[in-house]
Amino acid sequence: MDFQLTEEQLAVQAAARDFAQNELWAGVIERDEHQKFPAEQIKKMGELGFLGMMVSAEYGGGGMDTVSYVLAMEEISKVDASCSVIMSVNNSLVCWGLEKYGTEEQKQKYLTRLTTGEIIGAFALSEPEAGSDATSQSTTAEDKGDYYLLNGTKNWITNGTTASVYLVVAQTNPELKHRGINVLIVEKGMEGFQTGPKENKLGIRGSDTCSLLFNDVKVPKENRIGDDGFGFKFAMQVLAGGRIGIAAQALGIASGAYELSLKYAKERKAFGVPISQHQAIQFKLADMATNIDAARLLCLQAAHDKDAHQDYAKSGAMAKLFASKTAMDTAVEAVQIHGGYGFVKEYHVERLMRDAKITQIYEGTSEIQKIVISREILK
Ligand code: CAA
């Protein structure tokens, strides 16, 4: 792995950092408190090319590598993890999968608008009783000749109310188990499709999460991604890449909490000196910095593997496992360093601590990452 970032990668990193500081920082507390979807900010992110970063220019994307995507995700997540999860789902789970496996018609119809942010996408796999156990899909897509009849409920769907296009995982041939699963492109407004109320969440409160309800929705056959029965493999593939994005999100939450703590520790005085001169604080800062550097290396390793067309299931899962733990540990320590100030909203670290938790849950819990890693090690 080459540790030297290219001029282009550094430029992407700088652009994301500027955008996050200038456009996201000011309203982030208010958006979190009122669960306000960052509509204006997402529109700008689309204009700046952050929503279809890895898609080729032919479909309106940035044609960038995964390393650039990781760098941008870290910078955006330092400030607003709600914006970065919207960005991550659109880039990794929707655009990447559509470009790799979609038909030319699907790409022209959906991808060209998803990459620019004209519309945003959602990925619907989880169900009330199928989260980690992704093969146990209760949502059905009955083959009716020239269309599928979609019935079922999906839960905790990021971009649930705001998306226009949904990649929905559903079972067509239960006797074939996971090999009977398909992924269908469902459009908002299709008859029989409704979204549930927005969830009131602990963290990433600016992003909208809700359930999806399908009641005899007729989805045209041409909206299926890949061959009949390819859906589960598709889901596993996009999730493997998605985990690199969420790892970078966790890395950003950790770096954001660390940078705020470092600044605070140099300014805040106790016992006559800045608290950064007390060893109790120095040890915390040293642990934070070490874990963050290790998490960044794992994220870049996974991104490098993907860019080099090598297997990235293990490196992506390792990056997500370690970076999400680092996010949680770092954010908790950041609140501790800030003391009473850390417990109030103005200092941002309590939000980062709440946001950190989801990185250990979505796109596969930490336990799922360990399953993926151990299978790769043992196979
Ligand atoms: N790429 C391609 N194919 C893969 C794959 C990968 N990375 N991983 C597995 N597969 C294939 C296997 O080869 C196998 O195919 P065949 O049987 O045809 O050979 C098939 O998928 C089944 O694999 P497993 O036997 O390993 O399946 P399993 O039932 O034991 O489950 C699992 C594996 C890793 C636990 C999987 O179910 C999983 O990842 N679960 C977690 C799901 C998840 O991440 N949910 C998150 C929801 S989305 C989200 O959170 C988005 C958001 O809001 C931000």
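Bear in mind these aren't lab numbers, they're just calculated from the coordinates by the rules spelled out. All of these numbers come straight from a predicted model, not from anything done at the bench. Cβ placement follows ideal geometry from the backbone for every residue including glycine, while neighbour counts extend to all protein chains displayed.
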Hey, rough spin-label estimate for residue 161 and residue 294, points 7 angstrom out along Cα→Cβ, what's it come to in nanometres?
4.1 nm
Here, residue 25 and residue 175, labelled 7 Å along Cα→Cβ, have an inter-label distance in nm of 6.2 nm
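Which length gain, in nm to one decimal place, applies between residue 336 and residue 202 when the Cα-Cα distance is subtracted from 0.36 nm times their residue separation?
Length difference between fully extended and current span is 46.3 nm.
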Between the modelled labels at residue 345 and residue 140 (7 Å from Cα along Cα→Cβ) the distance in nm is 4.6 nm
Taking amide hydrogens as modeled 1.01 Å from N in the peptide plane, which residues meet the under 5 Å criterion relative to residue 224, leaving out close sequence neighbours?
185
Cβ charges +1 (Lys, Arg) and -1 (Asp, Glu), total dipole of region 308-366, debye:
100 debye
Give me the compactness ratio for region 245-339, meaning the Cα radius of gyration over 2.2 N^0.38 Å.
1.24
Let me know the shape class of the chain, please: from the alpha-carbon gyration tensor, a ≥ b ≥ c as square roots of the eigenvalues, rounded when a/c is under 1.5, otherwise prolate if a/b is greater than b/c, or oblate.
prolate
Only four residue types carry charge here, +1 at the Cβ of Lys and Arg and -1 at the Cβ of Asp and Glu. Report the dipole size of region 122-231 about the Cα centre in Debye, rounded to the nearest 20.
360 debye
Packing-based order for 18-27, 160-169, 183-192, using average beta carbon neighbours within 10 Å, highest first:
160-169, 183-192, 18-27
By count of other Cβ within 10 Å, fewest leading, how are 375, 224, 179 ordered?
375, 179, 224
To test your reading of the geometry: what angle, between 0 and 90 degrees and rounded to tens, separates the Cα axis of helix 279-307 from the longest principal axis of the chain?
30 degrees
Between 87, 64, 318, find the one with the highest GNM mean-square fluctuation for the chain; connect C-alpha pairs within less than 10 Å.
64
Highest-MSF residue in the chain out of 122, 270, 327 [GNM, Cα springs under 10 Å]:
270
Choose one of 315, 93, 45: the residue whose Cα lies farthest towards the positive end of the charge dipole of the chain (beta-carbon charges +1 Lys, Arg; -1 Asp, Glu; about the Cα centre).
315
Interchain or sequence-distant (5+) residues whose placed amide H lies within less than 5 Å of the amide H of residue 147 are 221
Rounding to the nearest 10 and keeping the result within 0 to 90°, find how far the Cα-based axis of helix 366-378 lies from the longest principal axis of the chain.
80 degrees
How long is region 122-231 along each principal axis, judged by its Cα atoms, biggest number first, in Å?
41, 29, 21
Kindly flag which residue pairs out of 284/325; 43/100; 188/218 have an alpha-carbon separation exceeding 20 Å in this structure.
43/100
Out of 295, 11, 334, a Gaussian network model of the chain with alpha-carbon springs under 10 Å gives the largest mean-square fluctuation to 11
With the Cα gyration tensor of region 7-120 giving a ≥ b ≥ c as the square roots of its eigenvalues, does the rule (a/c under 1.5 for rounded; else a/b larger than b/c for prolate; else oblate) give rounded, prolate or oblate?
oblate
